[in-house]
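Colleague: Handing you this structure, nothing more for now.
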Amino acid sequence: MSTDVVTVERRIGARPETVFSFFTDRDKWLSWMGKAGEFSFEPGGAYRTNVTGENVAEGRFVEVDPPKRLVFTWGWAEGGMSVPPGSTTVEITLEPVADGTLLRLVHRGLPSLEACAAHKEGWVHYVDRLATLAAGGDPGSDNWM
């Protein structure tokens with residue numbers, strides 16, 4: 001088991017096309033993760049998003065393959081986390097299953113066990129919010145941190 005990788009899997013009651021749209025539309029992205037942000041949803045395109053108020057993530061989209069796969073770099077431009085912008089990679093794969101979509105998120109390159117634990121907790125929180133929204137529910141306001 002690698003110590004620099006976090007994996008989160010979640011079944012979502014929505015088609016892959018629906019789930020994918022939450023990764024490639026600014027308003028939909030911010031509905032499940034973040035307070036504000038600017039995104040250029042294309043390979044090489046940059047993003048900067050204020051996730052929690054004091055924590056700002058930055059990176060670039062590496063691969064955008066609707067509705068199956070999205071890869072982007074990740075790190076923190078502001079906040080207390082020692083993961084520099086663009087220094088890690090997040091890979092999202094969406095697989096159609098009988099009851100919707102199997103989302104697999106793999107976050108590679110994290111620098112420490114503490115960073116892995118913090119990002120695992122964060123991704124579980126945000127993937128839960130995404131799953132609720134994609135299936136037509138309301139996750140409520142995000143009170144993370």
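The values are calculated or read from the model by the stated rules, or taken from the named source; none is laboratory data. Remember, it's a predicted structure, so these values are computed and weren't measured experimentally. Cβ placement follows ideal geometry from the backbone for every residue including glycine, while neighbour counts extend to all protein chains displayed. Protein only, heavy atoms only, side chains kept; ligands, DNA and RNA dropped before computing areas. Shrake-Rupley method; radii C 1.70, N 1.55, O 1.52, S 1.80 Å.
Colleague: Would you confirm, using the coordinates I've provided, whether residue 129 is surrounded by 16 or more Cβ atoms within 10 Å (Cβ to Cβ) and either polar (S, T, N, Q) or touching an Asp or Glu at 6+ places or on another chain (Cβ under 9 Å) (or both)?
Modeller: Judged against the criteria, residue 129 is a match.
Colleague: Can you confirm whether segment 106-113 contains a residue that is under 15 Å from residue 51 (Cβ atoms), open to solvent by less than 60 Å² (accessible area, probe 1.4 Å), touching a residue at least 60 places away in the same chain (Cβ under 8 Å) and in a strand (DSSP E or B)?
Modeller: So far as segment 106-113 goes, yes, one or more of its residues are under 15 Å from residue 51 (Cβ atoms), open to solvent by less than 60 Å² (accessible area, probe 1.4 Å), touching a residue at least 60 places away in the same chain (Cβ under 8 Å) and in a strand (DSSP E or B).
Colleague: From the set of residues in segment 1-52 that are buried (at least 16 other Cβ atoms within 10 Å of the Cβ), polar (S, T, N, Q) and assigned to a strand (DSSP E or B), which is nearest to the chain's Cα centre (by Cα)?
Modeller: Result: 49.
Colleague: Is segment 86-103 home to any residue that is open to solvent by 40 Å² or more (accessible area, probe 1.4 Å), of a type in the set (D, E, K, R) and without any contact (Cβ under 8 Å) to a residue 60 or more places away in the chain?
Modeller: The answer is no, given that none of the residues of segment 86-103 is open to solvent by 40 Å² or more (accessible area, probe 1.4 Å), of a type in the set (D, E, K, R) and without any contact (Cβ under 8 Å) to a residue 60 or more places away in the chain.
Colleague: Could you say whether any residue in segment 53-70 is without any contact (Cβ under 8 Å) to a residue 40 or more places away in the chain, more than 24 Å from residue 141 (Cα to Cα) and open to solvent by less than 50 Å² (accessible area, probe 1.4 Å)?
Modeller: Yes: one or more hits.
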